[in-house]
Structures are given as structure tokens and as C-alpha cells.
């Protein structure tokens, strides 16, 4: 079956006309007649594909908005407004109240305002469209990584996927690790403040939602550069380090998805500024590799700088992905 | 079960903060820092609720965008950009190609550009978010109808619901009527040009998607006015007039839904301008009543000007609506 990315490309990608940046980045950018740049993004969460039947409504309200805020963060945009379309099998008031509570708590934290929506009967499905604004020329894009830049990652990857693996019975984690990983899976914190601080500083940026290597793949393809990732430099949470199944831990780290961290590039000369941006935004930032020349593609390097073979690919909804 | 409107009000309506107009009109209006007014709307179509399993993909592509363009039309906005979120049970390429063809044909006709989206696995669900722009102060709203204005309707209502009644076996129409009614149901033509021409002319406007009386109800409630509709003046297509089941024809006419016509008000002194706007937009416009004082509410008047009792209410997804 063709992958999600192939499908999008084949049927829904046309050259941008009035848009400054069309299909294929974290957000589309549209330039209004008065010169303001508006970033727009939409994400659909489906019961059974993105969350388990019976998932906690408050946390689901949080996550549904968080994944869209993460796309705005990856553009460096200021969150402004969002719309909510909701299909529900029944009008369960307790569910709605809890969902709204989780969603609005996160919305208020990021000063983004619900301005419209649609409610209908159907299999439980949540579609949020978020709108942000940007000064012209300051958007963080995927196609602007440059040879010689360093590769950075906020927070760490793998915890959400490890939480899912535990919930699915693939691994049995200790209680502390379960708590941490499920929180990362169910209530991700979008890196909005970091994205804003990277405006004018990062070369390229993307949010890690499909898995670290898969999302890096989008950057190198669209920027037409190579990239090297230092396996040993990758940040790992205590929970991930505690996982006895090392193959699973590596899979989560490199290809887990649902991380909602920012992966970005910056010139080596601006290392201190990147560190300061992370500190000001309250999130760790780690140098994990570099942008290189040559054919577009990403290599994972071991301690000896020898390439590690990575057969695994990122999460792809139409090529075998399940509930995440 | 609470109605869709009650649900939206209860859990998702908060006072507008930065938005010029929040939840509760055809579109939200947001004023960008540079002064431009942007109209945004989102609609979700679910298989089994809004369309039959196996529905023609090309026509579905058309309709999914048309219902959003109709919301922009009801604000008088210029269509600009849209986003598409799509859940599909499988990656059926023939379906995708046909869906894209129908959607893009309508998009091109209205110069609206697809700028982003999301594709995922799940029960067939289509969520489109459309964005339009407007000069400040010119939006057609629901809450601005004024006593003394006349009530107008574009085209006619009831055909889509009659087509659905035929498809469901509730009535057997002649071949010509079937063709006409199914076209109205499956490939509605959003009244974008009319909406644009009504800027600065109409007092209030709404698109008729939930049924004529239900949508008029939204206008009178939000404008805090009364309205009288002249039953005999209501435009009826030849197909509707040919329907032998008069009770069904009346139900479709008054409460059918899925019409995507514009219902609007205008000062009596500007009748000729309204007629000219309709002619320029290529759609019939008919005076169907008037805005009056008194408690908010709409009355249907017979030829003798005596009120006709209307027990039926508009289509409401959570109060018993089915596939439409």
C-alpha cells in the first residue's frame, strides 16, 4: 500500500500559487494581502488509530490540541486561533466536559482561542485546525537546512512509543517509567516557546511526530542535504535507559513517533544562542549531529563514526502503523 | 439527547477574546494584527451520517469543499485557502483520484487553494477547513437583522432532502426530478458570487444547511428580532412541485436541509439592488417575508396571513438526523 506521504504527494500536492508555502511542511504559510504571514495546520485523530477506545477524555482534549500546537511550534509561529471538528458516537456529556477541560487548559496556557467548529455523529474523530501568525521571512521551514549546520533536538525521543509498547503488553516497565512514558504519550507538551525563540536562529525545523529518523528524512529530502546523527549523543530519558529490551528501546528512540519534540539545525557559531533559547524556553536542547553535503539522506553513526544500519522506518499510517 | 447546537453552546462557547466573531456564525472572523479580516470555517463529513457508504468519490470531493465554500459565501468572504484532513479505511487510489478531481474542479472554479492537510487510517471521514478574507466591517453576520428589513432566499429549498427521500425509498420521483434532486444533494453549488455582491447590502445572512426554518431560527435568535415567512412566496423547483406526497414536499421545503442557499435580509428600499446582485451572480433571489419586532421567533404565514403551525424542526445531528 502506498505510504501516507506518497498519497499526499500524488493526489494533493500542486505547486503553491498564492500560498507562500503549500502542502508538505508542518504548516502551510499564507501571506495575507496586508503582508502578515499566517501559518495553518490540521490534524485528525481517530479512535482505534491514534488513541484507544475508552481513552481518557481530558488527556485526549489536551493531546488533540497539542499535536497542532507542535506544528505551529515547528514553524516558530505565535498561536492565535483554532477550530474543532468533532464526530462522536453519542452526546456523552461527561466525556464532552472532560474533553473541553483538557483542551481549554492547554489552549489557555498558549493563549490560543477556539473560534469555530462542527459537531456531528460518527465514529469518535477529532480534527483540529490551528492558525498562527509570523513576521514575514521568519518561518522555520523544512527545506532550508544548510551544509555545515549542526543538528539539534529538544527534550528526548522514544518515551511515547515506549509507553504505547507497555500499554500494548510488548514490554513491562517499572511503575515510575510507566507514569513518565504514558504522560509523554498522552499529554505531550508542544515546544511553542522554543519554536518562537528559534526564529532567526535555526536554519530548518520540524516537529518529531513520525519518528526521529523519518522526520529527519523529510528535512534532508526537502533541503537536498545529507545529515549525520551521532547515536551516542542522542538524549535518552531515565525510563528509556531502564528498558531491558534494548532493541525495543532503540526502535522507540529512532522511529517511535508521537514525540512532539523539535528537530532543528543551526550554525555552529550560534551554539550558545541555541543553548540560551532552550534555557529560556525551559527545555533541554542537545546537539545530535550535523548537516553534510552529498546526496540527500541521513546516516546514523556509532562511537567509532562508522554507519549503523537502520532498517527501521518511521511511523506511517498507511504502511502498517497501528494505534499510537 | 441534547441537540448539536446545545452541545456547542454548552461546552465550546466562550466569549470571543481576540476574535472579532467567535463560535456561532457560519464562519469565525479573526482580525489579523495588520487589520485584514479572515473568515474561517470547518465542516466534517462522516460516512453513514452525511453520505452513504459507496457514495461517488468525485461528487463527494465536490460536496466536501462546497459545504465549506457555502459558509464563506454566507459571510460574503473571498475564498482563499483550504486544508483537507482525510481518514480512509484503505489507500484506494481510484477513490483518491476521483475525490481529488471533484474537489479540485470546484476549488479551481472558486480560486481557492489547497495549502495543507492530514491523511490517516480510519472510518471514511472528510474534514475541510476553509479560509476567506474580507475588508474590515463588511462581513455578513447572523446577528444583524433589523426590524423592517425584507427576507430573501437564493434559489429554492427542499430539493436535496427530496433527493435523499427518493434514495431512501420514502418516495418515488420521476426520472427528471430524480436527476435534478440528486444533483442538488450531491453537487451543491455554493453561492459565493452572491455572498460577495451582498457585502454592504444585506443586513444579515446565513447559509441554509440545517433547513430553512431552523436556519432562520438562528438568525432571529441571534439578531433578537421576529420574522414572518410567506408560505406561498417560497420558491419551489419543478421537481418539488411534482412530488405527489405534499406533506413530504412541505417537510423538505421548510426543514429539509443540505440546500446551501443563502437566506438574507435587506432594506426594502434596496430591493432593486438585491435583484441586480442575484442577476449578476446568476442565481434567482426571491422575497419570502420580512423582519418584524417582538420576541425572537419565526412565523410561517398562509395566504390569509394566518400563522401555519409548524411542528417540524430542522435537521439536527444529535436529535435524530440520519444520513444526509
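Of the set (1) farther than 22 Å from residue B:191 by Cβ; (2) surrounded by 24 or more Cβ atoms within 10 Å (Cβ to Cβ), all apply to residue B:123 but (2). Here residue B:37 clears all of (1) under 25 Å from residue A:26 (Cα atoms); (2) more than 9 Å from chain A (Cβ to nearest Cβ); (3) over 19 Å from the mean Cα position of the chain (by Cα); (4) modelled with pLDDT of 85 or more except the condition numbered (4).
With respect to being facing another protein chain (nearest Cβ under 7 Å) and at pLDDT 80 or above, residue B:30 falls outside the description. Taken together, A:219, A:208, A:225 contain a single residue that is within 19 Å of residue A:147 (Cβ to Cβ) and either under 19 Å from the mean Cα position of the chain (by Cα) or outside the structural domain of residue A:191 (by TED's automatic domain parsing) (or both), which is A:219. So for region B:76-90 (the condition being touching a helix residue (DSSP H, G or I) at 6+ places or on another chain (Cβ under 9 Å), within 11 Å of another protein chain (Cβ to nearest Cβ) and without any contact (Cβ under 8 Å) to a residue 40 or more places away in the chain), does at least one residue qualify? Yes; the residues of region B:76-90 include at least one that is touching a helix residue (DSSP H, G or I) at 6+ places or on another chain (Cβ under 9 Å), within 11 Å of another protein chain (Cβ to nearest Cβ) and without any contact (Cβ under 8 Å) to a residue 40 or more places away in the chain.
Does residue A:146 satisfy being crowded, with 20+ Cβ neighbours inside 10 Å, modelled with pLDDT of 95 or more and under 27 Å from residue A:211 (Cα atoms)? No: the conditions fail for residue A:146. Taken together, B:43, B:25 contain a single residue that is touching a helix residue (DSSP H, G or I) at 6+ places or on another chain (Cβ under 9 Å), at pLDDT below 80 and at the interface with chain A (Cβ under 9 Å from one of its Cβ atoms), which is B:25.
Kindly evaluate residue A:134 against the criterion of being at pLDDT below 90 and under 20 Å from the mean Cα position of the chain (by Cα). Yes: the conditions hold for residue A:134. Scan region A:146-185 residue by residue and report those that are closer than 23 Å to residue A:279 by Cα and touching a strand residue (DSSP E or B) at 6+ places or on another chain (Cβ under 8 Å). Within region A:146-185, A:149, A:150, A:151, A:152, A:153, A:154, A:155, A:156, A:157 qualify. Mind checking which pairs have a first residue in region A:296-321 that is assigned by TED's automatic domain parsing to the domain that holds residue A:234 and over 30 Å from residue B:89 (Cα atoms) and a second that is modelled with pLDDT under 90 and surrounded by 15 or more Cβ atoms within 10 Å (Cβ to Cβ), Cβ under 7 Å, 6 or more apart or different chains? Close Cβ pairs satisfying both conditions: A:300/A:310.
To keep it simple, each residue is scored yes or no on (1) under 24 Å from residue B:177 (Cβ atoms); (2) in contact with a helix residue (DSSP H, G or I) (Cβ under 9 Å, 6 or more places away or on another chain).
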position	(1), (2)
B:202	no, yes
B:209	yes, yes
B:225	no, yes
B:232	yes, no
B:252	yes, yes
B:258	yes, yes
B:283	yes, yes
B:302	no, yes
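Conditions tested, residue by residue: (1) farther than 30 Å from residue B:238 by Cα; (2) away from chain A (no Cβ under 14 Å).
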| residue | (1), (2) |
| --- | --- |
| B:101 | yes, no |
| B:139 | yes, no |
| B:146 | yes, yes |
| B:172 | no, yes |
| B:175 | no, yes |
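When residue A:181 is tested against (1) at negative phi; (2) surrounded by 21 or more Cβ atoms within 10 Å (Cβ to Cβ); (3) touching a residue at least 60 places away in the same chain (Cβ under 8 Å), exactly one condition is not met: (3). Applying the criterion of being over 19 Å from residue B:83 (Cβ atoms) and in contact (Cβ under 8 Å) with a residue 60 or more places away in the chain to the residues of region A:107-136, the residue that is nearest to the other protein chains (Cβ to nearest Cβ) is A:123. Does region B:2-17 contain at least one residue that is at pLDDT 75 or above, under 18 Å from the mean Cα position of the chain (by Cα) and within 7 Å of chain A (Cβ to nearest Cβ)? No, there is no match, as no residue in region B:2-17 is at pLDDT 75 or above, under 18 Å from the mean Cα position of the chain (by Cα) and within 7 Å of chain A (Cβ to nearest Cβ).
The values are calculated or read from the model by the stated rules, or taken from the named source; none is laboratory data. Just so it is clear, the structure is predicted and the values come from calculations on it, not from any experiment. Neighbour counts are summed over all protein chains in view; Cβ atoms, including those assigned to glycine, are modelled from backbone coordinates with ideal geometry.
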